[in-house]
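Heads up, the thing below is written out as structure tokens.
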Amino acid sequence: MSYKNATHVLPKGLLRRVQQYVDGEFLYIPRAAGSKKAWGESTSIRQELLERNRRIYAEYLSGMSMDALAAKYYLSLKSIQRIVRQLKKS
């Protein structure tokens, strides 16, 4: 999330009105209900995690133990088990 200077974005009258409530403080303005983005929509993290999970599953199928996978990918054993279970279903 980036910050914008209100003097560059808001009309002067509106800025003065907002300053009556919040003067010199940070103010978070949530997205409108119809414009919310899903997690990972703005970045490539969803695709990266999907590819990582597919690699984990392929290595599991080739015989690598879940403990070894957890150590290799710096994940908990429960996370590895969840990834394998999810990909086994699909």
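The values are calculated or read from the model by the stated rules, or taken from the named source; none is laboratory data. Note that the structure is predicted; figures quoted are calculated from it, not measured. Cβ sites come from the backbone with ideal geometry, for glycine too, and all protein chains shown count toward neighbours. Surface accessibility is based on the protein's heavy atoms, side chains included, excluding ligands, DNA and RNA. Shrake-Rupley method; radii C 1.70, N 1.55, O 1.52, S 1.80 Å.
In this structure, Arg17 does not qualify as within 16 Å of the chain's Cα centre (by Cα) and either small (Gly, Ala, Ser) or open to solvent by 100 Å² or more (accessible area, probe 1.4 Å) (or both).
Restricting attention to segment 29-40 and to residues that are closer than 29 Å to Val18 by Cβ and open to solvent by less than 80 Å² (accessible area, probe 1.4 Å), the residue that is farthest from the chain's Cα centre (by Cα) turns out to be Ala32. The number of residues in segment 41-86 that are outside any helix (DSSP H, G or I) and surrounded by 13 or more Cβ atoms within 10 Å (Cβ to Cβ) comes to 2. Checking every residue in segment 15-29 against the condition of being among the acidic types (Asp, Glu) and under 27 Å from Ile83 (Cβ atoms) gives zero matches.
Right, Gly34: of a type outside the set (Phe, Trp, Tyr) and on the phi > 0 side of the Ramachandran plot or not?
no
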